[in-house]
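Asks: What follows is a structure written as structure tokens; I'll ask about it next.
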Amino acid sequence: MKGRTVNFFIEPEALPEVLRAIDEDVLPRYRALPHFVGVVVLQSERGSRVEVAGISLWDGDLEDSEEIAAEFRREVHRVAGTGAARESYEVIRLELRDGPSGFSS
């Protein structure tokens with residue numbers, strides 16, 4: 001299993017537009033790819049800015065998703081005027097608890 005992280009800082013008022021891009025553009029396209037497992041998007045307040053960290057999980061190669069990820073990073077730059085750091089990893093441990101979480105999937 002592989003994971004990709006994308007991290008960036010934005011102004012708080014840009015967060016709704018970034019989340020819209022994730023929900024309406026990135027996730028539907030990721031879901032259509034055969035190796036997509038899931039995604040986690042995290043937010044942290046950093047002074048007057050918001051840090052967003054996205055972690056996507058893949059059961060196979062990341063190559064099919066590279067263009068979608070690149071387009072999202074360009075969208076972050078357009079909306080927030082900031083770049084996004086990207087890194088790929090081998091997942092060496094993953095545990096998810098079964099049961100209600102209160103989060104949508």
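The values are calculated or read from the model by the stated rules, or taken from the named source; none is laboratory data. Bear in mind that the values here come from a model prediction, so they are computed numbers and not experimental data. For neighbour counting, all protein chains shown are included, and Cβ atoms are generated from backbone atoms with ideal geometry for every residue, glycine included. Only protein heavy atoms, including side chains, enter the accessible area calculation; ligands, DNA and RNA are left aside. Shrake-Rupley method; radii C 1.70, N 1.55, O 1.52, S 1.80 Å.
Asks: State yes or no: is Glu95 open to solvent by 20 Å² or more (accessible area, probe 1.4 Å) and either more than 16 Å from the chain's Cα centre (by Cα) or of a type in the set (A, V, I, L, M) (or both)? Let's see the steps before the verdict.
Replies: Working: open to solvent by 20 Å² or more (accessible area, probe 1.4 Å): yes; either more than 16 Å from the chain's Cα centre (by Cα) or of a type in the set (A, V, I, L, M) (or both): yes.
In short, yes.
Asks: In addition: Which residues, counting only those in region 40-68, are aliphatic (A, V, I, L, M) and surrounded by 14 or more Cβ atoms within 10 Å (Cβ to Cβ)? If you could, list the steps in order and put the result at the bottom.
Replies: Here is the first cut: in region 40-68, the ones aliphatic (A, V, I, L, M) are 40-42, 50, 52-53, 55, 57, 62, 68.
Matches in region 40-68: Val41, Val50, Val52, Ala53, Ile55, Leu57, Leu62, Ile68.
Asks: What pairs can you find where one residue is in region 72-91 and over 14 Å from Pro16 (Cα atoms), the other is among the aromatic types (Phe, Trp, Tyr) and open to solvent by less than 60 Å² (accessible area, probe 1.4 Å), and their Cβ atoms are less than 9 Å apart, with a gap of 6+ or different chains?
Replies: That search, which allows pairs on different chains as well, returns Arg73/Phe8; His77/Phe8; Thr82/Phe8; Gly83/Phe8; Ala84/Phe8; Ala84/Phe72; Ala85/Phe8; Val91/Trp58.
Asks: Ok, one more. Restricting to region 50-78, name every residue that is of a type outside the set (Val, Ile, Thr) and in a strand (DSSP E or B).
Replies: In the first step, residues of region 50-78 are kept if they are of a type outside the set (Val, Ile, Thr); the result is 51, 53-54, 56-67, 69-75, 77-78.
Listed by number, the residues that qualify are Glu51, Ala53, Gly54, Ser56, Leu57, Trp58.
Asks: Follow-up. Please tell me if Arg86 is open to solvent by 30 Å² or more (accessible area, probe 1.4 Å) and basic (Lys, Arg). Break it down stepwise before answering.
Replies: Values: open to solvent by 30 Å² or more (accessible area, probe 1.4 Å): yes; basic (Lys, Arg): yes.
Against the criterion (open to solvent by 30 Å² or more (accessible area, probe 1.4 Å) and basic (Lys, Arg)), Arg86 qualifies.
Asks: Do you know which of the residues in region 24-39 that are β-branched (Val, Ile, Thr) and open to solvent by less than 70 Å² (accessible area, probe 1.4 Å) is modelled with the highest pLDDT?
Replies: Keep residues of region 24-39 that are β-branched (Val, Ile, Thr), which gives 26, 37, 39.
So of that shortlist, the ones also open to solvent by less than 70 Å² (accessible area, probe 1.4 Å) come out as 26, 39.
Details: Val26: 88, Val39: 92.
In this case the residue turns out to be Val39.
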